[in-house]
Amino acid sequence: LVILLVIAALLVLALSRCMSAGTQVLSSAYLPYTAAMHDMTVAVSGTGTIEPIQSYKVTTLVSGEILEAPFEEGQTVHKGDVLFRIDASDVENNIEQLQLNVQSAQLALNDLLKTQSDNQKDRNVKADDAGVITELHVDRGDSVTVGTVIADVLDRDHMKLKVPFHSADASGFYVGQAATVTVNGTAETVSGTVESIAATDEVGPGGTLVRPVTIRLVNPGALDNTSSGSATINGSASAASSTFAYAESKQVVAKTSGELKSLTVQEGDRVFLDQVIGGFDETDMDTQIQNAAIQVKTAELTLQNARDKLEDYSITSTIDGTVIEKNYDVGDTLDTSTSSTTGIAYPAVIYDLSALTFDIRIHELDINKIQVGQAVEITSDALDGQSFTGRVDKVNINGTTSNGVTTYPVTVLI
């Protein structure tokens, strides 16, 4: 029993010491604190060079003397404002010549088109008047040139009678007046019309003054150029008789050159006005016309290229911004090799400083924490002690790997 009591006392003492030691350990590892909500910030940092949101470095595509440069350094310019105007007199003279070339090419094309139209019209041989074919001068298959006589056409349906009237009587006549013609050797009379009256008098039979009057009439069928007759106009008889003449005797001539492929009439055939009596093969001018049209188009394109080049002689601003550099002025010469000869990179430089931007590179382990629109705290070496706020404008997924580590560019907008 004594032994058991001693063992129990030893166990109680051991347990008491263990609990005391545990309390000391716990009190050294934890601090009591009241539970509450707090913000936690995770920051990612990087560096970059600040630049304007837009910049325009003036370049030139042409050479020449500067005639205008209406701006200065520090001045605000707007999109479309003229920065430099370069002497373009040589180009303007070239444009005038090219305009003449276009006109010349167009005239050549028009001439070919007209020639083709004329050929299409003239390839048909037509009678110039109604009548009878009295003689054919060519045969089908003959080669003829322009002006070659194809046929003689005689109008036997109408006759003319030129007779003298006493001057006093003729002075009262007028063209279109009715006349009565009497055929000599017969009692037949035919109605006619005054076609013309001579302007001057002539000496007639017995020394009297007469004036020739021409009368046109329809051939009743029996008259020819051997018949004769007299006339009466408004009750006045002619002073003498005269021989009848056929009203018209014309020749049909070729208006184009080539082989006469067809001839549809024979001597003695009657024809009417504009009747087609033969024809030539149509000249093929399509190739010439196509070539002329290409020349017109080429001339027009060359002219347009020159006009477009003329625009290069007026250099305008492509942005709204502030002039940072002006390296040339009126009287200076600009050319495409300016930078290599003078050491000046650009004639002028313009910055849009309405906003600024820069890129920083973010580690691959942190890039998933970056989102467009997040606020960015910015400090600058040039402005010690000051800070500014920007925002994430773009997160680029095209990363760059170096030494096994990938970084991604993030654009910040201020």
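The values are calculated or read from the model by the stated rules, or taken from the named source; none is laboratory data. Because the structure is predicted, anything quoted here is derived from the model rather than measured. Neighbour counts run over all protein chains shown; Cβ positions are idealised from the backbone, glycine included. The protein model used for the area step is the full one, side chains on, heavy atoms only, and it has no ligands, DNA or RNA in it. Shrake-Rupley method; radii C 1.70, N 1.55, O 1.52, S 1.80 Å.
Near the amide H of F84, within less than 5 Å, lie the amide hydrogens of I315, all on another chain or at least 5 residues away, with H placed in the peptide plane. These residues, R391, R216, go from largest to smallest accessible area, 1.4 Å probe, as R391, R216. What angle, in degrees between 0 and 90 and rounded to the nearest 10, separates the Cα long axis of helix 2-29 from the longest principal axis of the Cα atoms of the chain? Relative to the chain, helix 2-29 is tipped by roughly 40 degrees. In this structure, the pairs whose alpha-carbon distance is over 27 Å, taken from K57/K309; K160/K261; K79/K297, are K160/K261; K79/K297. On a 0 to 90° scale, report how tilted helix 286-311 is relative to the longest principal axis of the chain, with both axes built from alpha carbons and the result rounded to the nearest 10. Long axis of 286-311 versus the principal axis of the chain: about 40 degrees.
Packing here is the average count of other Cβ atoms within 10 Å per residue, and on that basis the peptides 160-169, 356-365, highest first, run 160-169, 356-365. Hydrodynamic estimate: the Kirkwood radius of the stretch 264-394 over Cα pairs, inserted into Stokes-Einstein at 20 °C and 1.002 mPa s, corresponds to D of 88 µm²/s. Backbone amide hydrogens, once placed in the peptide plane, bring G204 within less than 5 Å of L209, V210, excluding anything fewer than 5 places away on its chain. Measuring max minus min along each principal axis, the C-alpha atoms of the stretch 157-220 give extents of 34, 26, 16 Å (largest first).
Evaluate the Debye formula for the chain with equal point scatterers sitting on the alpha carbons, no solvent, and hand back log10 of I(q)/I(0) at q = 0.07, 0.11 Å⁻¹, in q order, two decimals. Calculated log10 I(q)/I(0) at the listed q: -0.75, -1.06. Net charge dipole, the chain: roughly 1460 debye, given to the nearest 20, about the Cα centre with Cβ charges of +1 for Lys and Arg and -1 for Asp and Glu. For the stretch 45-125, the square roots of the Cα gyration tensor eigenvalues, ordered a ≥ b ≥ c, give a/c of at least 1.5 with a/b greater than b/c, which places it in the prolate category.
Backbone amide hydrogens, once placed in the peptide plane, bring E325 within less than 5 Å of V349, excluding anything fewer than 5 places away on its chain. Rounded to the nearest 500, the 222 nm mean residue ellipticity of the chain from helices alone is -8000 deg cm²/dmol, with -39,500 (n - 2.57) taken per DSSP H run of at least 4 residues.
Roughly what angle does helix 89-122 make with the longest principal axis of the chain, taking Cα atoms, 0 to 90 degrees, to the nearest 10? With both axes taken from Cα atoms, the answer is about 40 degrees.
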